Amino acid sequence: MKKTLISGLALAGLLATTAPVQAADYVIDTKGAHAFISFRVNHLGTSWLLGRFNEFEGEFSYDSANPNASKVEVEINTASVDSNHAERDKHLRGGDFLDVSKYPKASFVSTGFKSNGNGTAVMTGDLTLHGVTKQISIDVSKVGEGKDPWGGYRAGFSGTTEFKMKDFGINYNLGPLAETVYMDLQVEGIRK
């Protein structure tokens with residue numbers, strides 16, 4: 001009886017240590033302003049036009065033991081575009097660019113995540129912008145993860161991507177240097 005009990009405990013311990021680790025689910029911390037979606041576009045070959053989207057929300061799943069299973073979904077309020085210039089923002093919201101009355105939301109839904117094994121990865125997914133959905137790739141770097149001072153647990157990542165405006169049906173001609181949008185993403189999530 002004693003031998004059976006010890007064997008059973010040993011088997012239970014072995015199963016507990018070999019059970020698959022589950023990915024944790026996170027809410028992107030936009031309320032605390034710990035997440036940002038910013039962009040830049042070349043202006044006349046002399047400078048950069050910088051902007052961001054002030055309103056977005058999303059979630060992601062991440063497991064440091066199995067990063068390739070990571071997933072993310074983000075929805076952006078396109079009318080929240082902010083380039084720090086009221087007249088330009090009005091133009092960006094209009095029919096030449098985002099056409100926010102017709103396309104009030106943009107979104108990104110990941111379809112794959114490939115870890116490079118050094119804290120970096122490439123995430124692929126579907127970006128829907130201006131009523132067009134295209135696959136893009138985002139170069140991702142893990143910033144860190146751990147307990148926060150308020151009893152929660154957080155994980156953070158940064159990412160960069162680029163795409164051509166015309167690929168999303170935005171054909172306003174600002175010259176060849178301004179065809180590409182470069183996006184910088186800072187994502188900090190609070191574990192659910």
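The values are calculated or read from the model by the stated rules, or taken from the named source; none is laboratory data. Keep in mind that this is a model prediction, so the values were computed, not measured. Note: ideal-geometry Cβ built from the backbone for every residue, glycine included; neighbour counts use all protein chains shown. Accessible surface is based on the protein model in full, side chains and every heavy atom, while ligands, DNA and RNA are left aside. Shrake-Rupley method; radii C 1.70, N 1.55, O 1.52, S 1.80 Å.
Restrict the check to region 153-160 and report whether at least one residue is of a type in the set (Lys, Arg), touching a residue at least 12 places away in the same chain (Cβ under 8 Å), in contact with a strand residue (DSSP E or B) (Cβ under 8 Å, 6 or more places away or on another chain) and in a strand (DSSP E or B). Scanning region 153-160 turns up at least one residue that is of a type in the set (Lys, Arg), touching a residue at least 12 places away in the same chain (Cβ under 8 Å), in contact with a strand residue (DSSP E or B) (Cβ under 8 Å, 6 or more places away or on another chain) and in a strand (DSSP E or B). Out of everything in region 159-175 that is over 16 Å from SER107 (Cβ atoms) and within 15 Å of the chain's Cα centre (by Cα), what residue ends up being least open to solvent (accessible area, probe 1.4 Å)? Once the filter is applied, the top-ranked residue is THR160.
Residues in region 84-103 include none that are within 19 Å of the chain's Cα centre (by Cα) and not small (Gly, Ala, Ser).
Selection over region 163-184 of residues that are in a helix (DSSP H, G or I) and modelled with pLDDT of 95 or more gives a count of 4. Within region 42-75, if we keep just the residues that are farther than 22 Å from SER141 by Cα and open to solvent by less than 50 Å² (accessible area, probe 1.4 Å), the residue that is modelled with the lowest pLDDT turns out to be GLY45. Whether a residue is among the aliphatic types (A, V, I, L, M) and farther than 17 Å from ARG40 by Cα was assessed, and VAL81 does not pass this test.
Within region 21-53, which residues are touching a helix residue (DSSP H, G or I) at 6+ places or on another chain (Cβ under 6 Å) and in contact (Cβ under 8 Å) with a residue 60 or more places away in the chain? Hits for region 21-53 are VAL41, ASN42, GLY45. Which residues, counting only those in region 1-30, are at pLDDT 90 or above and either exposed (fewer than 10 other Cβ atoms within 10 Å of the Cβ) or closer than 21 Å to SER107 by Cα (or both)? Matches in region 1-30: ASP25, TYR26, VAL27, ILE28, ASP29, THR30. Of all residue pairs spaced 6 or more apart or on separate chains, those with beta-carbon atoms under 8 Å, a first member in region 54-77 that is touching a residue at least 24 places away in the same chain (Cβ under 8 Å) and among the hydroxyl-bearing types (Ser, Thr, Tyr) and a second member that is assigned to a strand (DSSP E or B) and open to solvent by 40 Å² or more (accessible area, probe 1.4 Å) are SER61/ASP25; SER61/LYS71; TYR62/GLU145; SER64/GLU145. Looking for something buried (at least 17 other Cβ atoms within 10 Å of the Cβ) and without any contact (Cβ under 8 Å) to a residue 24 or more places away in the chain - is there at least one such residue anywhere in region 101-124? No, region 101-124 has no match at all.
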